[in-house]
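Worksheet for the structure shown next.
The numbers here are math on the coordinates, done by the rules we state, and not lab data. None of the values given here were measured: they were computed from a predicted structure. Here the Cβ positions follow ideal geometry from the backbone for every residue, glycine too, while neighbour counts run over all protein chains shown.
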Amino acid sequence: MENVVAKNEQINKELLQRERKNKARRNRLALELPLHIMLIPGIIVTLIYAYGPMFGIIMAFQKFNPSLGFTGSKWVGLKNFRFIFHLPDFSQAFKNSLYISLLKIIVGLMVPLILSLLINEVSKNWFKKFVQTSIFIPYFLSWAVLGGIIFEIFSLKGPVNLMLGRIGIEPIYFLGDNKWFPFILVTTDVWKSMGYNMVVFLAAITNINPSLYEAAAVDGANRWKQTFHITLPGMMPIIILICTLSIGSILNAGFEQVLMLYSPPVFRSGDIIDTLVYRLGLIDGQLSPAAAVGLFKSLISLTLVSISYYLAYKVSDYRIF
Amino acid sequence: MKKRRVVAMIMFILIMTSVFFAGCKKEVSNTPEETGKTENQSQETEKKAEEEAKKDTDPYGKYDEQVVLTAVGGVRPPEQPEVPAGTTPENQSFIKICEDTLNVTIEYLWTVPDEQFEQKFKLSLASGDVPDIMKVSQQQFDELIEAGALADLTDIYETYAIPEMKADYEGLDNVPLKAATRDGKLYGMPYAVDPHQEIQLLWIRADWLKKLNLDPPKTIEDLEKIAEAFVKNDPDGNGKDDTYGLGIAKDFYSGIASIKGFAQGFHAYPAWPEAWIKGSDGTLVFSEIQPEMKEALLGLQNMYQKGLIDREFATKDLGKVVEDIVAGKIGIVYGEWWVPAWPLNLNKDNEPEADWKCYPIVSADDKPALTKVNRVNVPAYNVVSKNCKNPEAAMKVMNVYWDILFNKDPESRYGDLVKAENGFVNHYPPIYNYMAMTQENNYKLINEALKNNDPSTLISSEQKNIYESSQKYLGGDQSGSSWGFYFSRIEENGGWGTTRKVRDAGHLMYNEYFGPATPTQVEKGSTLEKMKVETFTRIIMGAPIEEFDKFVTDWKKLGGDDITAEVNEWYKDNKMN
């Protein structure tokens, strides 16, 4: 009998607990509902613009004809992929894309990192803000505008060659020379976009607990040692995050930039996968092979992102998602 | 408790479905359109039946209910100075004329500056957004036919086209119509041009020649000497080393500032689209892999090394070269007959002393230099979308356009709206046509009229415009525009005058191929083209000439041999002589 009562009590208790849990959950839902609703527009936009176009992948397996549409076009299987892999331009474009964007990723990480560390050491606040803003401004300019400016700056009679001339160096045809062209691509791109990563890094630095620095100072660590033993380790998660994200876009070597700046003499060092797609798809109107290249690129990116995500997790126990 | 879970579940489902449907919104709104299309098609067939019952075959027949034709446009500024500022394709008087006489109106879906047109148009075709009437390039024409997007105009042309237009095509043995026909169906009204218009001429600043005591060139060697003097001896006298010899743009197949005229001096025939000339065995060969091309590239390399060509030509597009011409930095340029009308006139406006003269191209050896011409030249096709409900209305619009431009006294039928000062711009309407023999007719008629001081023999308003501009110029008007009109079209030693001389001397090399792009051309075209342009540019800039031989082997291997076979297959049935 007692046993049964005890059992009943236990059941009641459990029910009560469950009730409480549910109540809490309800309260949370009520609290968070507006937030969930606010998510909806974002989800809609993502669905339309990121998931909707995915149906276009089907083009890569068809001989797509716009007026016949997705349903009417002929299915050709992997023919488009065979076609693009046999294009003589493809391997060149693939190599160039890898090379240019690897350089961009490495330099594009190092420069903002160093900049943010330097700016962090500046004690005058107005100067700090001024430098930060002027570095950030080029980020907002479009390549269409910058293209013309860069042509002028690096032309044979432009300021760069003028300065080189002063120290006795023959004018260099930067934008028409295969030796220099990737270098110009990387430096101009890093110059344009370094402000963004720099701001992210600066934010990461401000997140570091100041008491760590105080403790280090008490222990007799100078500025250098503080930077290496506190600032950099404190920024590590953000550095890894940015690294992982950029590895996903390793085959995006910067379409707009290259399209604005490249020309026949530098095709062999500047032609990238995206410009190849542009010529195939928009100039030649061969939409299907162009879609096939795009799909191929996405597959590589997906693989690389997965690998780098896994490595970031394994090596530094850091999860992005 | 269960109830609450159900409520939560329902809410979740509601949210998700609303998200889902919102996501589908685009597609949902698309489907009625598509069903609308099929409805339209059935309506179209009904309408056609009705119209056939009416037996309305008047080429200028007015509709009872207004017909709307959609169009798109690339805007190039008007050539005539009288056109009021602010005239756009949307408010041009041609639309008003069509509304008044045909009860047809033209609605522009979009307009962009001319340079962006090609790309925007391609994108809009790729997204299936085809306007009712449009003028398209050869490549787009082929693509649209393959896509089945064009209306068959065979019967419409027979029934509705005005006799004057038919007569002009017949004057060219209907070859342009043949080029617009696939499988016996006429898919477009070709805007045909006298093929001799692409004869390359040599344009030199005679005031610089005079200043430096030089004679006009007879050979390529002379030309090089002149170019050298233009670069080194400061012809503009500003004390700065800022002049180039020969003006060449990176896209070097254009009508001006191309490598074509220079290469023709070496009996090589670079061209875009590709030129197929008759080889020694009677079959067609690709002009740009011939040994003469190698010589021409060596010649250009030599010029480049001596600094006679802008060292940065490879990164300068036509627009930049034109800037240099206008700024008076270039003294020699190859171009077709029209270049005084653009851009040399702008240079003259800028520097009134600039005295551009025109010469036949010069040869590197004792053989005369031939210039490449096409057997038939159709720069554009006026086509009608197969979804257009009234394709014959498009034909009527073309009739009116022709009637205004090439028949006598259009004012009597259309009033003052056909005048430039009231907003009539020849190249604004969405269709474009031209009497193929216009330049020749204009040259003869207007010179005659100028001699007799009697403009009454002139037919078209265009001829009257040119007559007036010429009179202004001969009366001492030094504006670049009047000079451009006169020197390009009328002057005996000007653009067309020299073109005629070259034509009558028979210094021509024919491109024998005028068929559609072959399957391999479509597939490998851009790859081969890129390889070609890259190799040629690199050689001009000093790469070893062996790259040319490698290019020839690669070109053949990567599809060129297949294209050659396809082209010759076509040639068997389409020989012109």
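Here's the list of aspartates and glutamates a cross-link from B:K419 could span, going by alpha-carbon distance under 19 Å and ignoring same-chain residues fewer than 8 apart: B:E79, B:E82, B:E90, B:E99, B:D100, B:D403, B:D409, B:E411, B:E462, B:E468. Mind checking the angle between helix B:114-126 and chain B's longest principal axis? C-alpha axes, 0 to 90 degrees, to the nearest 10. Roughly 40 degrees, rounded to the nearest 10. Amide H to amide H, with H built 1.01 Å from N, B:K250 comes under 5 Å of B:K316, B:D317, B:L318, counting only residues 5 or more places away or on other chains.
Taking amide hydrogens as placed 1.01 Å from N in the peptide plane, the amide H of B:F286 sits under 5 Å from that of no residue at least 5 positions away in sequence or on another chain.
Scanning residues 5 or more positions from B:V67 or on other chains, those with amide H under 5 Å from its amide H are B:V104, B:T105, with H placed 1.01 Å from N in the peptide plane.
Taking a straight Cα-Cα cut-off under 24 Å and skipping sequence neighbours fewer than 8 places away in the same chain, the lysines within cross-link reach of A:K95 are A:K79, A:K104, A:K179, A:K192, A:K297, B:K524, B:K530, B:K532, B:K550, B:K557. Legend: residue pairs B:K372/B:K408; B:K218/B:K372; B:K320/B:K556; B:K260/B:K501, Cα-Cα distance threshold 26 Å; pairs beyond threshold, B:K372/B:K408; B:K320/B:K556. List the trypsin sites (Lys or Arg not before Pro) within segment B:260-316 that DSSP assigns to loop and that have no more than 14 neighbouring Cβ atoms inside 10 Å. Listed in order of number, the matching sites are B:K306. Relative to the longest principal axis of the Cα atoms of chain A, the long axis of helix A:88-121 makes an angle of roughly 60 degrees. Taking chain A as a Gaussian network of alpha-carbon nodes connected by springs under 10 Å, the highest mean-square fluctuation of the residues A:G56, A:G108, A:G254 belongs to A:G56. Within the listed set A:A30, A:A217, A:A253, the residue fluctuating most in the Gaussian network model of chain A (springs between alpha-carbon atoms under 10 angstrom) is A:A30. In order along segment B:374-385, phi translates into HN-Hα couplings of 7, 5, 9, 10, 10, x, 8, 10, 8, 10, 10, 5 Hz, rounded to whole numbers, per the Karplus curve 6.51 cos²θ - 1.76 cosθ + 1.60 with θ = phi - 60° and x for Gly and Pro. For chain B, the longest principal axis of the C-alpha atoms and the axis of helix B:93-102 are separated by about 50°. Classified by the C-alpha gyration tensor, segment A:78-316 has an oblate form. Its axis ratio a/c, with a ≥ b ≥ c, is 1.5 or above, and a/b does not exceed b/c. Computed on the Cα trace of the protein assembly as shown, the radius of gyration divided by the Kirkwood hydrodynamic radius gives Rg/Rh = 1.05. For the pair B:D549 and A:V131, label points projected 7 Å from Cα toward Cβ lie 5.9 nm apart. Based on a Kirkwood Rh over C-alpha pairs, give the Stokes-Einstein translational diffusion coefficient of chain B at 37 °C and viscosity 0.692 mPa s in µm²/s. In µm²/s, the coefficient rounds to 124.
In order along segment A:165-179, phi translates into HN-Hα couplings of x, 4, 9, x, 9, 4, x, 10, 8, 3, 8, x, 10, 4, 5 Hz, rounded to whole numbers, per the Karplus curve 6.51 cos²θ - 1.76 cosθ + 1.60 with θ = phi - 60° and x for Gly and Pro. DSSP beta bridges confined to the protein assembly as shown are antiparallel in about 60 percent of cases. Put simply, segment A:2-72 fits an ellipsoid with semi-axes of 56, 19, 6 Å; these come from the alpha carbon gyration tensor as the roots of five times its eigenvalues, largest first. Close Lys pairs in segment A:2-72 (alpha-carbon distance under 27 Å; sequence gap of 8 or more, or different chains): 4. Taken one residue at a time, the phi angles of segment B:221-234 give Karplus couplings (6.51, -1.76, 1.60, θ = phi - 60°) of 4, 4, 4, 4, 4, 4, 4, 4, 5, 4, 7, 8, 9, 6 Hz. Gly and Pro are set to x.
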